[in-house]
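Everything on this sheet refers to the single structure shown next.
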Amino acid sequence: MISVAREPKPEPATSVAPSVDARSPFARLADLIRGVEPGKPVIDLGVGEPKHPVPDFVAPVIAAHIKDFGRYPRNEGIPEFRAAAAAWAGRRYRLARALDPNTEVLVLNGSREGLFLGAIAARRFVPARAGRPAILVPNPFYAAYSAGAVAADCEVIYLPTTRATGFLPDLDALDDALLARTVAFYIASPSNPQGAVANLDYLKRLTALARHHGFMIFADECYCEIYSDDPPAGMLEAAGADFANVAIFHSLSKRSSLPGLRIGFAAGDKSFMQSYLELRNVAAPMAPTPLQRVAIAAYNDEQHVIENRRLYREKFDLADQIVGDRYGYERPAGGFFLWLDVSAQGGSEDATLKLWREGGLRVVPGRYLAREQKDGSNPGADYVRVAMVHNNEITAEALHRLVAVLGD
């Protein structure tokens, strides 16, 4: 049994209030700019949709397996897909042992639905909680985390991720009473929107907490292949040889610039994966076999991923040159977003409106990506998120407009 001793600290987290606007950040953004004419031809920097070319192998693979669209696939995924995903994970990460593709890997229709259903599966899987079951999410957060928590009838606890915490949840601020009722802990590394990367020591500390208190860790690693210098560590690397209490979620949307393919995988704790599959067999759509065949080709090819990373690096080189040290900008360790401090420009909503009205730039207010904490603060209120997904020419134009509108 692992003993985790900590000094008692005030809980920095909060559950969602009934009056909170829980709509999609993009629906709220649409309301914010509705009726306001953009000052220049629009450049959409809001949605994190990769725009690099679709890899050449996609169409031939689909064509070769077109007849498989006429059959129902199995929910766990074809054996070849699960083997390819397990083999890729073994090459990408320093695992204590290889994943068993037959019992520890499941296909997903992209990571979003996997992350959502994971919360419901965890509520059924973990032992009885000491108090109202809770699910912990970073704040700001990806909307699927909290949606899954609400669907699982758990209290959503928002953990502030600020510059002071390295844009990751502060593990030292979590008390035993909260952890004793925790069902699942969502962690994204690289994080969305800040691009923060958790080191291996951080991941090992989180794993120890999960095993001591009996909750699941859901590691959203969909940005893991977009990084500036060193490849981010993975949650399975911290999990030892049995992967207990850990599930990772991956997607080809960012890694392979295939957001419309809707293919990914979950892997980890064998017992949880069995319980998760039982839920998915009755609640989740099956992944089409031809798309799984494309994924096999994608996981077996690194050249297109290396090229993707080069293209993103070029865009961040432009940000280094054009944005410089304005708005608290620092080149993120991973991911493809800028997280810019616009507190001097009136905060996230005012800056978003100004960028739209004067520059034709569509960005996302950080306030809409986060929730208010108990003290009334919102960790995203002073920021805007900028998606660096266009080609170099459009990116440079957008960044020049941004600086011209916001000033120094």
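The values are calculated or read from the model by the stated rules, or taken from the named source; none is laboratory data. Computed from a prediction, not measured in an experiment: that's the story for all the values here. When we count neighbours, we look across all protein chains shown, and the Cβ atoms used for this are built from the backbone with ideal geometry, even at glycine. These area figures cover heavy atoms from the full protein model, side chains too; ligands, DNA and RNA do not enter into them. Shrake-Rupley method; radii C 1.70, N 1.55, O 1.52, S 1.80 Å.
Points worth noting:
- Hey, PRO190 more than 22 Å from ALA96 (Cβ to Cβ), out of contact with any Leu (no Cβ under 9 Å at 6 or more places or on another chain) and open to solvent by less than 10 Å² (accessible area, probe 1.4 Å) or not: yes
- Hey, LEU236 more than 23 Å from GLY264 (Cα to Cα), aliphatic (A, V, I, L, M) and in contact with a Leu (Cβ under 8 Å, 6 or more places away or on another chain) or not: no
- Failed item in (1) in contact (Cβ under 8 Å) with a residue 24 or more places away in the chain; (2) open to solvent by 50 Å² or more (accessible area, probe 1.4 Å); (3) not polar (S, T, N, Q), with ASP320 passing the rest: (1)
- Restricting GLY366, GLY360, GLY346, GLY328 to those that are closer than 21 Å to THR162 by Cα, surrounded by 17 or more Cβ atoms within 10 Å (Cβ to Cβ) and at pLDDT 95 or above reduces the list to GLY366.
- Selection status of LEU353, in contact (Cβ under 8 Å) with a residue 40 or more places away in the chain and buried (at least 16 other Cβ atoms within 10 Å of the Cβ): no
Here's the yes/no breakdown for (1) closer than 26 Å to VAL384 by Cβ; (2) modelled with pLDDT under 95; (3) in contact with a Ser or Thr (Cβ under 7 Å, 6 or more places away or on another chain):
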{"site": "PRO18", "(1), (2), (3)": "no, yes, no"}
{"site": "SER24", "(1), (2), (3)": "yes, yes, no"}
{"site": "ARG34", "(1), (2), (3)": "yes, no, no"}
{"site": "PRO38", "(1), (2), (3)": "yes, no, no"}
{"site": "GLY46", "(1), (2), (3)": "yes, no, no"}
{"site": "VAL54", "(1), (2), (3)": "no, no, yes"}
{"site": "LYS67", "(1), (2), (3)": "no, no, no"}
{"site": "ASN75", "(1), (2), (3)": "no, no, no"}
{"site": "ILE78", "(1), (2), (3)": "no, no, yes"}
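- The stretch 284-314, residues that are within 30 Å of GLY70 (Cβ to Cβ) and among the hydrophobic types (A, V, I, L, M, F, W, C): ALA284, MET286, ALA287, LEU291, VAL294, ALA295, ILE296, ALA297, ALA298
- Among the residues of the stretch 269-297, the one identified as among the basic types (Lys, Arg), out of contact with any Ser or Thr (no Cβ under 8 Å at 6 or more places or on another chain) and over 14 Å from ASN75 (Cα atoms) is ARG293.
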